[in-house]
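Everything on this sheet refers to the single structure shown next.
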Amino acid sequence: MSLVAEPRTPVAEARPEVPDRGHIRDSRPPLAAELRNRSGLSIELLENGAVFAIRHGEILVNQVLGSPVEGGLGNIYLRRHTPNGITSFPVLGPAAPGSFRASRHGAVWTGSVDGLDY
């Protein structure tokens, strides 16, 4: 499966009507990139490299949206099984030791953790 970054197009601001309180603003954080493929899968990435949302069409695949502050649910971890046990390391998101860049052509995470370069 391949994903291609597309430039962020402005999303119509959500303004649901709240009785006696007027309109409220969409509280989506700024996104660094949105990766899409032809089947309708999209991955929205935060500026810190964490996954904000994974969607297929109108369906939200991840049950909780990623956070630009903590990002715990938006992190992706490497789990390594060794004779001494299981260890895990963040490789994507704000807790990851590497770096993240995004452009209209895609997203790249680079770093090194426990002897593994990515």
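The values are calculated or read from the model by the stated rules, or taken from the named source; none is laboratory data. Remember, predicted model here, so these are calculated numbers, not experimental data. Positions of Cβ are generated from backbone atoms using ideal geometry, with glycine treated the same way; all protein chains shown enter the neighbour counts. These area figures cover heavy atoms from the full protein model, side chains too; ligands, DNA and RNA do not enter into them. Shrake-Rupley method; radii C 1.70, N 1.55, O 1.52, S 1.80 Å.
Go through 77-84, 29-36, 111-118 and give me the packing order, highest mean Cβ count within 10 Å leading.
Taking the mean over residues of other Cβ atoms within 10 Å, the ranking is 29-36, 111-118, 77-84.
Once phi is turned into ³J(HN,Hα) by the Karplus curve 6.51 cos²θ - 1.76 cosθ + 1.60 with θ = phi - 60°, what whole-Hz value does each residue of segment 88-104 show in order, with x for glycine and proline?
Taking θ as phi minus 60°, the curve returns 9, 9, x, 10, 8, x, x, 8, 6, x, x, 10, 9, 9, 9, 9, 5 Hz for segment 88-104.
Residues in segment 94-118, backbone N under 13 Å from the label point at His81 (7 Å along the Cα-to-beta-carbon vector): list them, ranges by number please.
Zone members listed by number: none at all.
Leu31's amide H: which non-local residues (gap 5+, or another chain) put their own amide H closer than 5 Å, with H modeled 1.01 Å from N in plane and none for Pro or chain starts?
It is none; the list stays empty.
Each residue of segment 60-65 in order: what ³J(HN,Hα) in whole Hz does its phi give by Karplus 6.51 cos²θ - 1.76 cosθ + 1.60, θ = phi - 60°, with x for Gly and Pro?
7, 6, 6, 7, 10, 6
Find the percent of Cα-Cα distances in segment 52-107 that exceed 14 Å, and round it to a whole number.
Of all Cα-Cα distances in segment 52-107, 66 percent exceed 14 Å.
Using a 1.4 angstrom probe on the protein heavy atoms only, could you order Val69, Val51 from most to least accessible area?
Largest accessible area first, the residues go Val69, Val51.
Of Ser42, Ser67, which has the most accessible area with a 1.4 Å probe, and how do the rest follow in descending order?
Ser67, Ser42
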